[in-house]
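Could you have a look at this structure, given as structure tokens, before my questions?
Each reported figure results from applying straightforward, stated rules to the coordinates on display, with no laboratory input. Every value quoted in this text rests on a predicted model; they were computed, and no experiment measured them. Using ideal geometry, Cβ is built from the backbone for each residue, glycine included, and neighbour counts are taken over all protein chains shown.
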């Protein structure tokens, strides 16, 4: 009979030997994850991506923010990646495992955030500290230097923009329109998105039109209208619609002026009285009495206590007055009422004094009580 006991012991010894070899072929990677609040980060995903050959593993952190992978093959090179809520937050490249060894890879999001803020501040200031540079990879340092160079160029550009704009505004206030326009154009070339530059350049052209004549005036007004339109494409707003409307009126485009000023009133109902009054004033300047009457009535409808609108409505209506066979002035309907409103709304003012004089001429009396437009009640005139 053969002796199997010796064979059994030999097999057992071999099994233990191979088991020991297999165990020794595995390495460990462990570490801890700290969140941006400085506290341990639970349930973060740690991925181990082997780069020298195909291989991928992952584990999750516990409530203490700790993780451990004890079954990583030794002799490999790994990128250790931290994922939080499905997004990669940090990555450590080139971690090499050793025979029977243990590698520690910690992630601290708070420290990373603090370093990033400091780096951003350094980039904004255009200077990176030696400590910050030492903590960066070659790629990170190159990216930061590129960002710092871009920041320097941006700051220089902003300074040039501000200098040009300030020089333009000083020239505009001094009524040196050509110098103002030249500097506004330079600022606009530096940053075409700045609507404040476009609007003030339009203002400069508009004011220049008041001191030149003929083709030069028309060219300046046309340029102003174009610039206001360009600004409105970027940012529609009531004041610019108002300014554009007035420029169009000066160019003789009354339909365009009316449409622009109506848009201003639509965007800012509280200012509608002023916008329609501006339209009426331009109509008066153009000799368009019917258009002026319509505009002043719209202004009064929007702002019943707008004294100037009442006064100019009365003046426009008087311009359409007729005389009867006896030489008496016959004013159009609404003239007397408009004059009475001026007296009632602004007693003692220059406009009220002129309104009183015209009322005396037209009716021989003056009513100083305010009546809301559209009211059916007509107060009896007060005799002087």
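7 Å from Cα along Cα→Cβ at both residue 173 and residue 196: what's the point-to-point distance in nm?
Inter-label distance under the simple model: 1.4 nm.
Label-point separation (nm) for residue 237 and residue 162, each offset 7 Å from Cα along Cα-to-Cβ?
Each label point lies 7 Å from its Cα, and together they span 2.1 nm.
How much length, in nm to one decimal, is gained on full extension between residue 57 and residue 99, taken as 0.36 nm per residue of separation minus their Cα-Cα distance? The partial results should precede the final answer.
Numbers: separation 42, 0.36 × 42 = 15.12 nm, distance 1.85 nm.
Gain in length upon complete extension: 13.3 nm.
Quick check: residue separation of residue 43 and residue 153 times 0.36 nm, minus the Cα distance between them. What number comes out in nm?
Working: separation 110, 0.36 × 110 = 39.60 nm, distance 4.31 nm.
Going from the current span to full extension adds 35.3 nm.
While we're looking at this one, here's another question. Would you mind ranking 72, 330, 247 so that the residue whose beta carbon has the fewest other beta carbons within 10 Å leads the list? Mind dumping the intermediate values first?
Details: 72 20, 330 10, 247 29.
The most exposed by this proxy come first: 330, 72, 247.
How are the C-alpha pair distances of the stretch 148-235 spread across 10 Å bins, as whole percents from the shortest bin up?
Per 10 Å bin, starting at zero, the Cα-Cα P(r) for the stretch 148-235 comes out as 19, 45, 27, 8, 2, 0 percent.
Percent of Cα-Cα pairs per 10 Å bin, from 0 to the last occupied bin, for the stretch 240-352, please list those.
16, 42, 30, 10, 2, 0
Also, I was wondering about something else. Once both labels are modelled 7 Å past Cα along the beta-carbon direction, what's the residue 322-residue 77 spacing in nm?
Placing both labels 7 Å beyond Cα along the Cβ direction yields 10.3 nm.
Within the stretch 319-343, name every residue whose backbone N is under 15 Å away from a label modeled 7 Å from Cα of residue 363 along the Cβ vector.
Counting backbone N atoms under 15 Å from the label point, the list is 330-343.
Ok, one more. First check a/c for the stretch 27-115, with a ≥ b ≥ c the square roots of the eigenvalues of its C-alpha gyration tensor; if it is under 1.5, answer rounded, and if not, answer prolate when a/b is larger than b/c or oblate otherwise. Please report the intermediate quantities before stating the final value.
Working: a/c = 1.95, a/b = 1.74, b/c = 1.12.
Because a/c hits 1.5 or more and a/b exceeds b/c, the stretch 27-115 counts as prolate.
Which order, highest average first, do 333-345, 279-291, 34-46 follow once you tally other Cβ atoms within 10 Å for each residue and take the mean per peptide? If you can, show how the numbers build up before the last one.
Working: 333-345: 21.8, 279-291: 18.3, 34-46: 16.0.
Per-residue Cβ counts within 10 Å, averaged per peptide and sorted highest first, yield 333-345, 279-291, 34-46.
Next question. Can you tell me the length gained on complete extension of the stretch residue 222 to residue 50, counting 0.36 nm per residue apart and subtracting the Cα distance? Write out the running numbers ahead of the final one.
Numbers: separation 172, 0.36 × 172 = 61.92 nm, distance 6.79 nm.
Contour length minus the Cα-Cα distance gives 55.1 nm.
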